[in-house]
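What follows is a set of notes on a single structure, which appears directly below.
The values are calculated or read from the model by the stated rules, or taken from the named source; none is laboratory data. Since this is a predicted model, take the numbers as computed values, not measurements. So basically every Cβ, Gly included, is an ideal-geometry build from the backbone, and we count neighbours across all protein chains shown. Ligands, DNA and RNA are stripped out before the accessible areas are found, and what is left, the full protein with its side chains, is counted by its heavy atoms. Shrake-Rupley method; radii C 1.70, N 1.55, O 1.52, S 1.80 Å.
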Amino acid sequence: MRGPLPPGEIPQFILPRGTGEAAQIQRQLRDKVVLQGNPAGLRFLAALDASHPTRFSRQQGASVAAAVLWDREAAKVVEVATAAVDATGLFPYVPGFLSFREIPAYLEALARLSSPPQLLLVDGQGVAHPRGLGIASHLGVHLDLPSIGVAKRLLYGHPEGELAEEAGRAVRLMAKGAQIGWVYRSRAGVRPLYISPGHRVGMLESLELIRSLVGRTRLPEPLRQAHLEAGQLRRRLNEAV
DNA sequence: GCGACAG
DNA sequence: ATCTTGTCGC
């Protein structure tokens, strides 16, 4: 598969049988995570978001993903790629194992971009995860690309103190005496975001990069666009039935 | 045994 | 995540 993905070999993404095997994979891959690097000078990033049918919905289980290529210099979307893969063999949603459900569609969407991203923005946790390998870290390590996780809800860790209501403020997200991410108030009066480095990005740098992408809404603009694109594709598939 | 729990 | 219109509020 020729594609936009980084030079070098892209390993086959293995789907484990159950959570025990999945956790083993996570513990193995977490040691490859590099929590250092400055993405400030990178121009092209890909924002990723997914959409799934309800468990009780009889609409054919399609795992839908959108990859939005974003030019930081122009502050614009330059390309959109989507994918819909059969969700039959995928994991159900289980907290802590999101990557085994969503990464297959992400890989397909990324492969359809005509030019490679230098950084990945993923809807979910980076290293702020019980085993240190949230979906952003997993995908970053798999593709050997810098990545950052942006989650709308907490999965793991404890905010250090109270977060002021003022836009732009952040407090550290802690676990076992160490910082694993940030709780970030992107806009005044909205629920905070949970930011954590995925791979090859430093702790402070992950926050600053996200700060540079926030516009008038709660989510950083590239991720907001990816969310809209995934939702649109979901709608189209629904009415096609 | 009791909470917590990305999407 | 998904099913969904109008409506309350800054």
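What about A:Leu48, is it open to solvent by less than 60 Å² (accessible area, probe 1.4 Å), assigned to a strand (DSSP E or B), away from DNA strand B (no atom under 15 Å from the Cβ) and modelled with pLDDT of 95 or more?
Values: open to solvent by less than 60 Å² (accessible area, probe 1.4 Å): yes; assigned to a strand (DSSP E or B): yes; away from DNA strand B (no atom under 15 Å from the Cβ): no; modelled with pLDDT of 95 or more: yes.
Taking the combined requirement at face value, the residue does not satisfy it.
Among the residues of the stretch A:31-39, are any hydrophobic (A, V, I, L, M, F, W, C) and under 27 Å from A:Gly215 (Cα atoms)?
The answer is yes, given that some residue of the stretch A:31-39 is hydrophobic (A, V, I, L, M, F, W, C) and under 27 Å from A:Gly215 (Cα atoms).
Any residue in the stretch A:157-170 that is hydrophobic (A, V, I, L, M, F, W, C) and under 27 Å from A:Ala105 (Cβ atoms)? Talk me through it step by step, then tell me what you get.
Initial filter on the stretch A:157-170 (hydrophobic (A, V, I, L, M, F, W, C)): A:163-164, A:167, A:170.
If we keep only those that are under 27 Å from A:Ala105 (Cβ atoms) as well, we get none.
No, the stretch A:157-170 contains no residue that is hydrophobic (A, V, I, L, M, F, W, C) and under 27 Å from A:Ala105 (Cβ atoms).
For A:Arg153, all conditions in the list (1) without any contact (Cβ under 8 Å) to a residue 40 or more places away in the chain; (2) within 12 Å of DNA strand B (Cβ to nearest atom); (3) assigned to a loop (DSSP other than H, G, I, E, B) hold save one; what is the number of the exception?
(1)
Taking the stretch A:156-176, which residues are open to solvent by less than 80 Å² (accessible area, probe 1.4 Å) and either in a loop (DSSP other than H, G, I, E, B) or in contact with an Asp or Glu (Cβ under 6 Å, 6 or more places away or on another chain) (or both)?
Initial filter on the stretch A:156-176 (open to solvent by less than 80 Å² (accessible area, probe 1.4 Å)): A:156-157, A:159, A:161, A:163-164, A:167-168, A:170-171, A:173-175.
Result: A:Tyr156, A:Gly157, A:Gly161, A:Leu163, A:Ala164, A:Ala167, A:Gly168, A:Val171, A:Met174.
Determine whether A:Arg211 is within 13 Å of DNA strand B (Cβ to nearest atom), open to solvent by 30 Å² or more (accessible area, probe 1.4 Å), touching a Ser or Thr at 6+ places or on another chain (Cβ under 9 Å) and not β-branched (Val, Ile, Thr).
Working: within 13 Å of DNA strand B (Cβ to nearest atom): no; open to solvent by 30 Å² or more (accessible area, probe 1.4 Å): yes; touching a Ser or Thr at 6+ places or on another chain (Cβ under 9 Å): yes; not β-branched (Val, Ile, Thr): yes.
Spelling it out, it is not the case that A:Arg211 is within 13 Å of DNA strand B (Cβ to nearest atom), open to solvent by 30 Å² or more (accessible area, probe 1.4 Å), touching a Ser or Thr at 6+ places or on another chain (Cβ under 9 Å) and not β-branched (Val, Ile, Thr).
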